[in-house]
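Here is the structure we will look at, set down as structure tokens.
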Amino acid sequence: MTAKTYLFNCLSDNFGVLVHDPASGATAAIDAPEAAPVEAALKASGWRLSDILVTHHHSDHTAGIAELKARHRCRVSVPRAEAARIPTADAGVAEGDVVALGKLQARVLDTPGHTSGHVSYWFEADKLAFVGDTLFSIGCGRVIEGTAEMMWASLVKLRDLPADTLCYCGHEYTEANIRFARTIEPDNRALAARAAEVTALRAAGKPTIPVTIGAEREANPFLRADVASVAAGIGMAGRSPAHVFAEIRERKNRS
């Protein structure tokens, strides 16, 4: 692993993260919820901003782009399907594209559902995935512009990444997600272990990410809609995974 990361807080509950290539000095911000925390992270790390990699068009992920670009003249890569909704975009990216960050490479994954053109960035060689608001630790984003079937397919795509991939999401929602998840799988031991871990992290004032894809597979009910016991537990035995997922997501919406 050659990439370095720097995680920080933005707005009320957003995460910001910098990804840095030591060989070239290139540095990307994953989304830009607001400019000041990104600037503070750059100062603390001593890195120079060369890129912004945008996951989706929502303002709590894009509001800082214009200010950062004006100051740093950085390249802004955005989901191709949402480029018209993201000012100052330099390049539109979609499934199969590769974004170079110095000597690092990020493969673009289409992960729609939360928004119609949402993408994630997978640095395969560095075992890092930046998933925006598609996947949260023990949760997932609301299905706003897409369908349940679309979102389920996106989650399966992320779930199928190598188990040791470190996942960075867009918000610190883990504690609330765990409270809900335990209503779906109260006897899940992996979920209970994650709950204890998260309690300790938050008590110490630490973030609950990154988390491995492998850990999420075992504890996140939104990734487990095709597990027979999960479907049976919510009275949907025999239903398709997409329908089971839709029911879990609707219950979370109401919680």
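If a residue has to be farther than 20 Å from Phe130 by Cβ and not hydroxyl-bearing (Ser, Thr, Tyr) to count, how many in the range 157-200 make the cut?
Step one: of the range 157-200, the residues farther than 20 Å from Phe130 by Cβ are 175-176, 178-200.
Now narrow it down to the ones that are not hydroxyl-bearing (Ser, Thr, Tyr): 175-176, 178-182, 184-198, 200.
Matching residues across the range 157-200 total 23.
Would you say Val76 is touching a Lys or Arg at 6+ places or on another chain (Cβ under 7 Å), more than 22 Å from Val143 (Cβ to Cβ), crowded, with 19+ Cβ neighbours inside 10 Å and not acidic (Asp, Glu)?
Yes, satisfied.
Each row is one residue, and each column tells you yes or no for (1) small (Gly, Ala, Ser); (2) over 18 Å from Phe136 (Cβ atoms).
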{"position": "Asn14", "(1), (2)": "no, no"}
{"position": "Asp21", "(1), (2)": "no, yes"}
{"position": "Ala32", "(1), (2)": "yes, yes"}
{"position": "His58", "(1), (2)": "no, no"}
{"position": "Ile65", "(1), (2)": "no, yes"}
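Would you confirm whether or not the range 144-164 contains a residue that is out of contact with any helix residue (DSSP H, G or I) (no Cβ under 9 Å at 6 or more places or on another chain), within 28 Å of Leu11 (Cα to Cα) and among the hydrophobic types (A, V, I, L, M, F, W, C)?
yes
Got a sec? Which helices (runs of 4 or more DSSP H) wholly within the range 145-231 have at least 2 residues that are closer than 19 Å to His56 by Cβ and touching a residue at least 24 places away in the same chain (Cβ under 8 Å)?
In the range 145-231, the matching helices (runs of 4 or more DSSP H) lie at 148-159.
For Gly46, state whether it is surrounded by fewer than 19 Cβ atoms within 10 Å (Cβ to Cβ), more than 25 Å from Tyr173 (Cα to Cα), among the small types (Gly, Ala, Ser) and at pLDDT 95 or above. Quick ask: steps written out before the conclusion?
Details: surrounded by fewer than 19 Cβ atoms within 10 Å (Cβ to Cβ): yes; more than 25 Å from Tyr173 (Cα to Cα): yes; among the small types (Gly, Ala, Ser): yes; at pLDDT 95 or above: yes.
Yes; evaluated as a whole, the condition is true for this residue.
Against the condition surrounded by 16 or more Cβ atoms within 10 Å (Cβ to Cβ) and polar (S, T, N, Q), how does Asn9 come out, does it pass?
Criteria not met by Asn9.
Condition test on Thr27, is it at pLDDT below 95 and either among the β-branched types (Val, Ile, Thr) or within 20 Å of the chain's Cα centre (by Cα) (or both)?
no
Which residues, taken from the range 216-251, are in contact with a Cys (Cβ under 9 Å, 6 or more places away or on another chain) and over 12 Å from Trp152 (Cβ atoms)?
Listed by number, the residues that qualify are Glu216, Asn220.
Go through Ala190, Ala200, Ala181 for me and flag whichever is over 21 Å from the mean Cα position of the chain (by Cα), of a type outside the set (Ser, Thr, Tyr) and either surrounded by 16 or more Cβ atoms within 10 Å (Cβ to Cβ) or over 22 Å from Asp126 (Cβ atoms) (or both).
Going through Ala190, Ala200, Ala181 in turn, the sole match is Ala200.
Provide a single number: the residues in the range 39-94 that are assigned to a strand (DSSP E or B) and not β-branched (Val, Ile, Thr).
Count: 7.
The values are calculated or read from the model by the stated rules, or taken from the named source; none is laboratory data. Treat the numbers as computed from the prediction; the structure is a model and nothing was measured. Note that each Cβ is placed from the backbone with ideal geometry, even for glycine, and that neighbours are counted across all protein chains shown.
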